[in-house]
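Participant: Sharing a structure here in structure tokens format.
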Amino acid sequence: MLQKGEPKILTAFSLAAVVLVLAGLAVAVVHFHMPVKETYWALTPPVIAIALALITKEVYSSLFLGILTGAFLNAGFDLVGTLNQVFTGGLIKVLADKWNVGILIFLIVLGMMVQLMNRAGGSAAFGRWASGHIKTRMGAQLATLVLGCLIFIDDYFNCLTVGSVMRPVTDKHMVSRAKLAYLIDSTAAPICIIAPISSWAAAVSGFVKGENGINLFVQSIPFNFYALLTIVMMILLIVFNIDYGPMADYERKAIHEGDLHNTGSRTETAEAEENSRGRGGVIDMLLPIGSLIICCVVGMIYTGGFFEGTSFVESFANSDASVGLVLGSSVALFITVVFYLVRQVLPFASCMECLPEGFKQMVPAMLILSFAWSLKAMTDDLGAAKFVAGVVAHSAGNFMNFLPCIIFLIAIGLAFATGTSWGTFGILIPIVVSCFQGTDHTMMVISISACMAGAVCGDHCSPISDTTIMSSAGAQCVHLNHVTTQLPYALTVAGVSFFTFLIAGFSKSAPISLCFGIAILTMVLMAMRRRSLLRNRA
């Protein structure tokens with residue numbers, strides 16, 4: 001535990017370290033003409049941002065310093081050029097992007113709907129109903145897991161919808177917000193990456209040239225060990241009541257002290273008080289959520305050309321998830337307001353008051369997302385993708401049987417540093433296809449799976465990942481609390497997955513490799529459980 005005053009000391013020390021790093025880089029770049037683009041220096045900005053965030057527990061300034069570092073490197077340490085990079089090449093550029101703006105609007109609309117459901121009392125009514133059917137903490141967590149697995153269409157949609165539905169239930173059973181955020185995050189990208197009908201399947205298939213992308217995606221599912229083992233791990237954690245690392249402390253405080261947020265006091269929120277005054281029933285939560293799911297699915301297949309004669313699967317493959325989610329959520333918001341007015345659970349003035357309140361609720365997530373996208377833009381301009389692609393291409397010819405586990409590690413590092421799975425797919429999958437196309441189809445499938453698994457793992461661990469940020473927003477958990485509690489769990493699965501991919505590289509058998517991975521993961525978790533029990537007895 002940090003003592004009083006230590007965070008300030010750590011922050012000062014970290015800032016001094018960043019200044020020294022930048023000064024050293026400036027000397028090397030300006031005086032010795034050292035290249036920074038398409039070299040390992042291109043990964044410096046995200047490394048600085050992530051390290052500062054984990055050390056100082058302050059995400060906004062950490063991300064901005066990462067952006068500033070990237071801008072300095074891109075501009076050759078010219079002051080005017082750096083300012084242009086930060087704003088014109090960073091924040092303004094990413095906020096002018098159609099996809100990014102669509103995601104921000106989707107966040108805002110979801111925040112408004114959550115606020116409406118809370119004000120109407122639908123969330124509280126659902127919590128009361130669920131408490132009569134879900135009797136235990138285990139049941140609340142398993143219900144969250146099942147719902148997350150069912151909403152496999154899109155990870156953004158998954159994060160916010162599961163959080164909105166299950167938060168009243170998990171709060172009732174004193175499940176910490178950090179644990180809820182972990183369950184949401186672990187049923188977002190890991191589920192989407194093994195669902196053939198999802199925006200992720202469409203993205204992956206689009207990166208495969210000269211092959212049937214959807215068929216390759218389906219063949220890769222049994223080898224996607226990180227995603228499959230993450231699901232197994234969640235089940236084991238819930239059923240055997242295993243917690244370790246920082247999460248154990250958060251769960252202990254939630255159970256024994258009623259402190260869901262790890263704030264040092266029993267959780268009493270204004271939201272809970274407001275919920276208790278609502279006149280709504282369970283239908284006032286189920287209908288808005290149901291309309292949201294249906295409208296978003298329709299919106300996505302609409303953007304993919306379904307109503308112009310394209311098949312359902314192809315329309316998902318061609319869909320623009322950002323536009324589809326905005327269209328669907330906006331229609332669902334309209335339906336919700338009309339429904340509440342007809343049922344007279346909320347007057348029109350109260351409905352309108354919920355709109356800015358919902359917007360404000362999502363401001364922290366929007367700010368972090370905007371900074372994270374800007375940081376990625378800096379990294380892209382520095383040529384990090386080409387540097388990593390060169391490393392992979394150089395390794396491919398020498399370690400064929402080891403290539404799946406090597407690609408897995410490289411994908412983790414790239415996704416962790418950039419905060420994006422899809423960008424990692426775009427860099428690594430074409431290289432994998434070119435290495436094995438026409439020579440060893442099975443090894444190509446395993447290596448593509450390793451790329452996808454590593455990308456999801458890195459995205460899962462990264463503080464600047466949009467999915468991680470949205471999971472925090474969906475659970476209404478402090479973002480860095482979610483990152484620090486989830487990291488040991490994600491790294492556990494990553495370690496087991498590495499050895500599982502090593503076995504797969506030689507056996508080329510999904511069942512053999514997966515059984516090995518499940519056995520190792522089970523032994524590790526049982527060992528952690530025994531260690532926790534011994535510590536509690538002591």
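No value in this document is a laboratory result; all are computed from the given coordinates. As the structure is a computational prediction, the values presented were derived from the model and not from experiment. Counting neighbours? That spans all protein chains shown, and the Cβs are built from the backbone with ideal geometry, glycine included.
Participant: At GLU38 and GLU257, where each label point lies 7 Å from the Cα along Cα→Cβ, what is the point-to-point distance in nanometres?
Facilitator: 5.4 nm
Participant: At 0.36 nm per residue, and after removing the present C-alpha to C-alpha distance, how many nm does the segment from THR442 to TYR60 gain when stretched out fully?
Facilitator: Separation in residues times 0.36 nm, less the Cα-Cα distance, equals 133.1 nm.
Participant: Need the full-extension length gain, PHE87 to GLU357, defined as separation in residues times 0.36 nm minus the C-alpha distance. One decimal, nm.
Facilitator: Full extension of this stretch gives 94.4 nm more.
Participant: Mind giving me the FRET efficiency for ALA51 and VAL239? R0 is 45 Å, r the Cβ-Cβ distance, nearest 0.05 is fine.
Facilitator: Plugging the Cβ-Cβ distance into 1/(1 + (r/R0)^6) gives 0.80.
Participant: On to the next question. If R₀ is 51 angstrom, what is the calculated FRET efficiency for the pair VAL342 and LEU367, using the beta carbon separation as r and rounding to 0.05?
Facilitator: So, using R0 = 51 Å, E works out to roughly 0.90.
Participant: Right, something else. Compute the FRET efficiency between THR136 and CYS515 as 1/(1 + (r/R0)^6), taking r as their Cβ-Cβ distance and R0 = 25 Å, and round to the nearest 0.05.
Facilitator: It comes to 0.25.
Participant: Continuing with this model, one more query. With θ taken as phi - 60° and the coefficients 6.51, -1.76 and 1.60, list the Karplus ³J(HN,Hα) couplings across segment 227-234 in order, rounded to whole Hz; mark glycine and proline as x.
Facilitator: Working through the residues one at a time gives 5, 5, 6, 5, 5, 4, 5, 4 Hz.
Participant: Let me ask another. Cβ under 15 Å from PHE223's Cβ, PHE223 left aside: what net charge do those residues give with Lys, Arg +1 and Asp, Glu -1?
Facilitator: Spelling it out: positives minus negatives among the neighbours equals 0.
Participant: On to the next question. Going by average Cβ density within 10 Å per residue, which order do the peptides 443-455, 366-378 take, highest to lowest?
Facilitator: 443-455, 366-378
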